1. Under 7 Å between Cβ atoms, which residue pairs at least 6 apart in sequence (or on different chains) link something in segment 15-32 that is without any contact (Cβ under 8 Å) to a residue 40 or more places away in the chain with a partner that is charged (D, E, K, R) and surrounded by 10 or more Cβ atoms within 10 Å (Cβ to Cβ)?
2. Would you kindly identify the strands (runs of 3 or more DSSP E) lying entirely within segment 63-129 that contain at least 1 residues that are in contact with a helix residue (DSSP H, G or I) (Cβ under 8 Å, 6 or more places away or on another chain)?
3. Name the single residue that is modelled with the highest pLDDT among those in segment 114-141 being of a type in the set (S, T, N, Q) and over 20 Å from ARG82 (Cα atoms).
4. Limited to segment 179-208, what total is found for residues that are small (Gly, Ala, Ser) and at pLDDT below 50?
Amino acid sequence: MPPSHHNSSGFTLIELVISAALAAMILVCAYLCLSSAISSQKLIEPRVDVLQSARVAMAIMSADLRSACPLSKDFQFLGMHRMLGDVEADNLDFATHNYTPRRPGEGDYCQISFYLEMDPRSGKYMLWRRRNPAIALDPLSGGSREEIARGVRGVRFEYYDGYDWYDTWGEIPGQGKPKSALRNQSNLSGMPEAVRITLLFDNRPGSKSVTVLEPEPSEPPLVFRTVARLNLAASSLQSSSGSGASATPTMDGGGPAPSGTRGGGVN
């Protein structure tokens with residue numbers, strides 16, 4: 001009888017080589033996907049914090065501006081354009097009724113200032129808010145300040161009078177440009193109807209600060225923008241025009257009344 005052969009199963013050398021190559025390709029693809037996911041998470045998480053900081057800062061400034069009121073009898077609303085090196089750092093000074101009294105003798109009136117200032121420890125700019133609930137002789141100083149946002153690379157305020165947008169608003173008596181006093185511009189007095197806020201944030205919040213010796217980052221900043229309408233601007237304009245008309249009463253002869261003949265009190 002012919003010799004019987006036992007049926008044996010196994011892999012050939014070619015099959016083993018192909019299987020090992022496929023397994024290596026699968027492992028490499030899995031590593032690349034995992035590495036990409038980790039890199040994306042490291043990139044997104046700081047920007048989520050930046051987005052949250054921008055939303056909080058926009059909400060705080062918009063709430064104060066919606067209840068804005070005249071700052072003082074000399075200047076009702078001040079918006080100054082300034083630069084800190086290459087950083088756009090506008091100033092904003094006004095008063096608001098968006099304030100909850102905390103101490104006896106306080107009301108809902110509060111003097112507000114928004115400005116940028118560099119943190120000496122990190123070397124980055126921070127957005128600050130100054131609040132003074134007392135009616136001070138100097139409405140541009142005093143009170144306490146609080147940090148609104150970190151890692152700000154610029155802040156810009158633009159002002160709308162109902163027809164055009166302006167980069168500045170208001171003039172401090174005695175400090176304005178002489179040529180601007182000769183022009184009848186609507187942004188030199190009163191209050192704007194709306195304010196456009198633009199915040200620029202560092203898109204690398206975890207990176208080190210940029211010094212003079214280091215080149216500026218090539219990545220553009222993250223830009224956030226909103227428009228806040230001043231709900232009390234129209235009423236303040238009417239009250240100021242009404243008070244201006246009552247401040248110069250006339251006699252029957254048509255001339256201005258003497259200073260001692262004014263009746264009534266001052267609001």
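The values are calculated or read from the model by the stated rules, or taken from the named source; none is laboratory data. Just so you know, these numbers come straight off a predicted model, no measurement behind them. Here the Cβ positions follow ideal geometry from the backbone for every residue, glycine too, while neighbour counts run over all protein chains shown.
1. Correct list of pairs: empty, since none qualify.
2. On the way: elements: 78-80, 91-96, 110-118.
Passing ranges, in order: 91-96, 110-118.
3. Of segment 114-141, the ones of a type in the set (S, T, N, Q) are 122, 132, 141.
Next, from what is left, pick out any that are over 20 Å from ARG82 (Cα atoms): 122, 132.
Numbers: SER122: 80, ASN132: 90.
Looking at residues that are of a type in the set (S, T, N, Q) and over 20 Å from ARG82 (Cα atoms), I get ASN132.
4. Final tally of qualifying residues: 2.
Let's see how each residue does on (1) modelled with pLDDT of 90 or more; (2) in contact with a strand residue (DSSP E or B) (Cβ under 9 Å, 6 or more places away or on another chain):
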{"residue": "ILE60", "(1), (2)": "yes, yes"}
{"residue": "CYS69", "(1), (2)": "yes, yes"}
{"residue": "GLN76", "(1), (2)": "no, yes"}
{"residue": "MET80", "(1), (2)": "yes, yes"}
{"residue": "GLY85", "(1), (2)": "no, no"}
{"residue": "PHE94", "(1), (2)": "yes, yes"}
{"residue": "ARG102", "(1), (2)": "no, no"}
{"residue": "GLY105", "(1), (2)": "no, no"}
